[in-house]
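The structure appears below as structure tokens.
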Amino acid sequence: MLKIAIYGKGGIGKSTTTSNLSAALSDLGLKVMQVGCDPKADSTKNLVSGIKIPTVLNQIKEKGKSIKLEDIVFKGYGNTLCVEAGGPTPGIGCAGRGIIAAFEELERLHAYEEYEPDVVLYDVLGDVVCGGFAMPIRGGYADHVFVVTSGEMMSLYAANNIASAIKSFGKRGYAKFEGMILNSRNIENELEIVQKAAAEMETQIVKVLPRSGEVQIAEDQKKTVVEALPESVMAAEYKELAKQVMEVCK
């Protein structure tokens with residue numbers, strides 16, 4: 001089982017990238033589980049036709065120990081299995097603690113043994129790398145980490161924080177930083193800016209995703225590009241990303 005965490009600053013297109021990656025990996029014949037680790041609980045929405053699936057945290061609150069896997073794991077496009085960790089009521093509680101509780105529940109219910117996914121993707125908010133948000137890289141859940149970024153300063157600032165955290169945890173034998181996915185915003189000299197940042201972080205750009213209106217067209221249909229526009233240029237880009245990720249994680 002390949003365990004991958006995908007981080008990135010909020011609003012950078014991390015969940016769109018992750019869900020399209022899940023769909024592309026599924027098209028390669030792999031069973032994929034995507035675990036959304038954002039309090040907004042919208043990581044998997046385009047894999048399940050825009051449906052807001054129940055979160056692990058809410059199901060724990062409602063059902064306690066009587067909770068079952070089918071209460072928190074939902075079938076999405078292709079062979080994908082969709083999970084949303086969820087979070088506390090805004091202004092009350094810690095979102096990081098919510099992620100920890102969700103992970104512990106998945107383990108208690110033996111989700112990975114039951115479903116036997118080939119790939120698990122953790123979609124993690126990367127603005128803050130602390131507490132529960134660091135669980136995938138310090139808790140042994142993920143073996144490989146990718147960061148979605150653009151050439152914008154705040155996006156790269158978040159990427160650098162994540163890279164630093166991974167290096168710190170890496171000394172203890174945790175996850176490995178495999179590189180950055182450039183989700184282009186078409187800013188001036190964007191590729192050169194990110195290439196320079198990658199060199200400073202001692203990592204690589206795994207894939208450059210071009211900016212495309214096809215992403216919005218697919219999202220308006222509440223689908224991934226891979227599902228909605230399978231023959232499109234952008235679908236081919238995501239399929240290439242899937243192959244690159246599998247190659248890097250060998």
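Here is how the numbers come out for the structure above:
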{"item": "Whichever residue in the stretch 198-215 is closer than 20 Å to Glu240 by Cα and either β-branched (Val, Ile, Thr) or free of Cβ contacts under 8 Å to residues at least 12 places away in the same chain (or both) and, among such residues, is surrounded by the most Cβ atoms within 10 Å (Cβ to Cβ)", "result": "Val215"}
{"item": "Pair list, Cβ < 8 Å and 6+ apart or interchain, from the stretch 49-67 residues that are touching a residue at least 12 places away in the same chain (Cβ under 8 Å) to residues that are surrounded by fewer than 16 Cβ atoms within 10 Å (Cβ to Cβ) and basic (Lys, Arg)", "result": "Ser49/Lys222; Gly50/Lys222"}
{"item": "Any chance Tyr174 is of a type in the set (Ser, Thr, Tyr) and within 16 Å of the chain's Cα centre (by Cα)", "result": "no"}
{"item": "Selection within the stretch 18-47 - under 13 Å from Leu241 (Cβ atoms) and surrounded by 24 or more Cβ atoms within 10 Å (Cβ to Cβ)", "result": "Thr18, Ser19, Asn20, Leu21, Ser22, Ala23, Ala24, Leu25"}
{"item": "Residues of the stretch 1-35 satisfying the condition of being part of a strand (DSSP E or B) and charged (D, E, K, R)", "result": "Lys3"}
{"item": "Residues (modelled with pLDDT of 95 or more and farther than 23 Å from Asp27 by Cα) located in the stretch 68-101", "result": "Lys68, Leu69, Glu70, Asp71, Ile72"}
{"item": "Residue within the stretch 175-183 that is out of contact with any strand residue (DSSP E or B) (no Cβ under 6 Å at 6 or more places or on another chain) and small (Gly, Ala, Ser) present", "result": "no"}
{"item": "From the options Ala197, Ala235, residue that is assigned to a helix (DSSP H, G or I), touching a Gly at 6+ places or on another chain (Cβ under 9 Å) and of a type in the set (Gly, Ala, Ser)", "result": "Ala197"}
{"item": "Which numbered condition Ser43 fails, given (1) modelled with pLDDT of 95 or more; (2) over 21 Å from the mean Cα position of the chain (by Cα)", "result": "(2)"}
{"item": "Hits in the stretch 172-197 (condition: exposed (fewer than 14 other Cβ atoms within 10 Å of the Cβ), charged (D, E, K, R) and within 20 Å of Val248 (Cα to Cα))", "result": "none"}
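The values are calculated or read from the model by the stated rules, or taken from the named source; none is laboratory data. If you're wondering where the values come from, they're calculated on a predicted model, not measured in any experiment. Please note: Cβ atoms are built from the backbone with ideal geometry, for glycine as well, and neighbour counts cover all protein chains shown.
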